[in-house]
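All remarks here apply to the structure that follows.
The values are calculated or read from the model by the stated rules, or taken from the named source; none is laboratory data. Here the structure is a predicted model, which means the values were calculated and not measured. As a convention, Cβ positions derive from the backbone with ideal geometry for all residues, glycine included, and neighbour counts pool all protein chains shown.
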Amino acid sequence: MGQVGQTSGNIPPQWKPNLIVAIPLPVVIISVVVFNIILPPPAQFSRGLAFEPPFLNAILYTMFLAFTSFMVGYISFKSYMQNGWMFLVLMGSGAIAWGSTSLLSGWLTNLPSGPNAAITISNTGALVASIFHLVSATWVKGPSLKKDPRIRRSILVLAYGSVLAVTTLLTVAALEGMTPLFFVPGVGQTTLRMAVLGSAAALFLVSSILFARRYFSSRSRSSTLYWYVLALGLTGVGLAAVFFGRAPGDPISWTGRTSMFLGGTYFLKAVHTAFKGIGIH
Amino acid sequence: MAGRVRGLVAGKGRSEKMRLRTGIQELDDMLRGGFLPGDAVLLAGGAGTGKTTLAIQHLVNGATQFGENGIYVTFEQLPNQIYRDSQSLGWDIRKLEDEDKFRLICTSPNILLEDSGGENILSEPIKEIHAQRIVVDSLSHLAMFTSHDDLRRELYRLIMLLKAKGLGSLLIWESGDSSDQSKALPDGGISFLVDSIVSLKHVEIESTVRKALVVWKMRGSDHDKRLRQYEITSHGIEVSSPFSNYEGLLTGSPRRSVTEEAANNWAMAFAKNKQKHS
């Protein structure tokens, strides 16, 4: 008896943050700076320097961004049902927004009409997701007093459902050409895209910093939170890298994508630590 | 006799519409509508789990809500005690007796175990009120008056008698709250004689004793296999949600399921105020 609530049968060893897993953050930043210096501007950029085989993006986005985000959405769903903290709904909604738009944009990258629709969906989804994460990181209210699981489930269904509905509408609008242009082939990104992508990257990074403050201010540091902070950071840096890209599939784009894929892996690692019961020490 | 019993049961058709509802909505849902007519149901549980309350509620609801009158046979309680306890739960058994919807029989296991004892005791009340339900409280008392070797035969005789009379029976068995399931259910093969088994037991979760109900077996029907929480309220048994967040309740070592534990870890990792909430 008395096993309830314990994370494991044995007291785990004191967890120390693994600094090696944080190294990709500065590596990505340095790589982008170097590429930005050595690569020619968009107007003189040779397409031979771009690598964009069909479906590779789709597979990678599905594996590293969509699947990992849906896992975060799932555990946040279960967690809110159990604990009632609203920040979990926001976090889960952000993950669902990021996952669903990544999934769709990945598979719509190679449309005959060009990459604008995919970029519009991806970047708008990133902005929505970053806003959710930022609000989640700043949320200070305690758990809801309404413990009725039906009410909690309704709130989650409403939140996740709304995110998916907006994603669907956004996709249809982008495919039908009803949204402003984000990318013009041969010309490059529009000012709107720069604003949206820049904001998304900044908000992801700010969310990462806010959660990092929470991590460092806590006496019992959580490896789950550590991985999550790095995941948000890598996602933010990855988006910022794309911001400097010359064309889809250029070295800067791939550096940014790699950073985001690694971020997705870190999201999954955060979920994994929660499942292994080694998240809190 | 066995042939006659089979004929009677088959004649009833065992249709979904004819199920004997307990009148406890959630329990009926667990039983996919209610007990099958003519079935012998073992109601096993420890002290204070509400076996008698559930059994009387089954009879009272049958008589008042579904027009199925019932007989309560007890070896352990005196009539006044049952009238008083039922009254406190809002059930006027005396009135139901006056209306020929209920019969209370206080007797000794010895009498029931005599040759034709059951026939002698039950025939008249069954005819008088056209009973369709019966509760025997309890088989454990009956077992005290017979040897271990004879127990299975005697219970078989009793169960077949009740089936032959077309009665859906609820047979109470007093078990301990042992975490060992083999000790929570009766031995002597009784579990194989009955058609259904409903078990009531206490479980300890986070230093709180709660009551749990589970349908172990229901011959010829699907049923809810989940362990459900229930309470004894001022108006009888109320069954509520399943213990979906826990594993190992029956072994006496409950713990949150892996997913629930992970979900809790997830929240605690991000929460500023690391206090548990549920």
(message) Within region A:135-145, take every residue that is touching a helix residue (DSSP H, G or I) at 6+ places or on another chain (Cβ under 8 Å) and surrounded by fewer than 21 Cβ atoms within 10 Å (Cβ to Cβ) and give me the one that is modelled with the lowest pLDDT.
(response) A:SER144
(request) Could you pull out every one of the helices (runs of 4 or more DSSP H) wholly within region A:17-110 that has 3 or more residues that are more than 23 Å from A:TYR215 (Cα to Cα), more than 14 Å from every other protein chain (Cβ to nearest Cβ) and of a type in the set (Ser, Thr, Tyr)? (result) A:86-107
(request) For region A:177-200, indicate whether the set of residues that are buried (at least 20 other Cβ atoms within 10 Å of the Cβ) and within 30 Å of A:PRO17 (Cβ to Cβ) is non-empty. (result) yes
(message) I'm trying to understand the selection: among the residues of region B:204-242, which are crowded, with 20+ Cβ neighbours inside 10 Å and aromatic (Phe, Trp, Tyr)?
(response) B:TYR230
(request) Output the residue which, of all residues in region A:52-61 that are touching a residue at least 12 places away in the same chain (Cβ under 8 Å) and surrounded by fewer than 16 Cβ atoms within 10 Å (Cβ to Cβ), is nearest to A:TRP98 (Cα to Cα). (result) A:ILE59
(request) Please list, ordered by first then second residue, the pairs with beta carbon atoms under 7 Å, 6 or more apart or interchain, first in region B:98-117 and more than 21 Å from B:ILE159 (Cβ to Cβ), second assigned to a loop (DSSP other than H, G, I, E, B) and at pLDDT 90 or above. (result) B:LYS101/B:ASN69; B:PHE102/B:ASN69
(request) Would you point out the residue of region A:111-121, among those that are outside any helix (DSSP H, G or I) and on the phi < 0 side of the Ramachandran plot, that is surrounded by the most Cβ atoms within 10 Å (Cβ to Cβ)? (result) A:PRO115
(request) State which residue is modelled with the highest pLDDT when the search covers only region B:247-273 and only residues that are more than 7 Å from chain A (Cβ to nearest Cβ), assigned to a loop (DSSP other than H, G, I, E, B) and surrounded by 14 or more Cβ atoms within 10 Å (Cβ to Cβ). (result) B:SER257
(message) Of everything in region A:212-265, what is closer than 17 Å to A:PRO26 by Cα, within 14 Å of chain B (Cβ to nearest Cβ) and surrounded by fewer than 24 Cβ atoms within 10 Å (Cβ to Cβ)? Give them in sequence order.
(response) A:ALA212
(request) Starting from region B:189-216, take each residue that is not assigned by TED's automatic domain parsing to the domain that holds B:LEU43 and at pLDDT below 85 and list its partners that are among the acidic types (Asp, Glu) and part of a strand (DSSP E or B), counting only C-beta distances under 8 angstrom and pairs at least six apart or across chains. (result) none
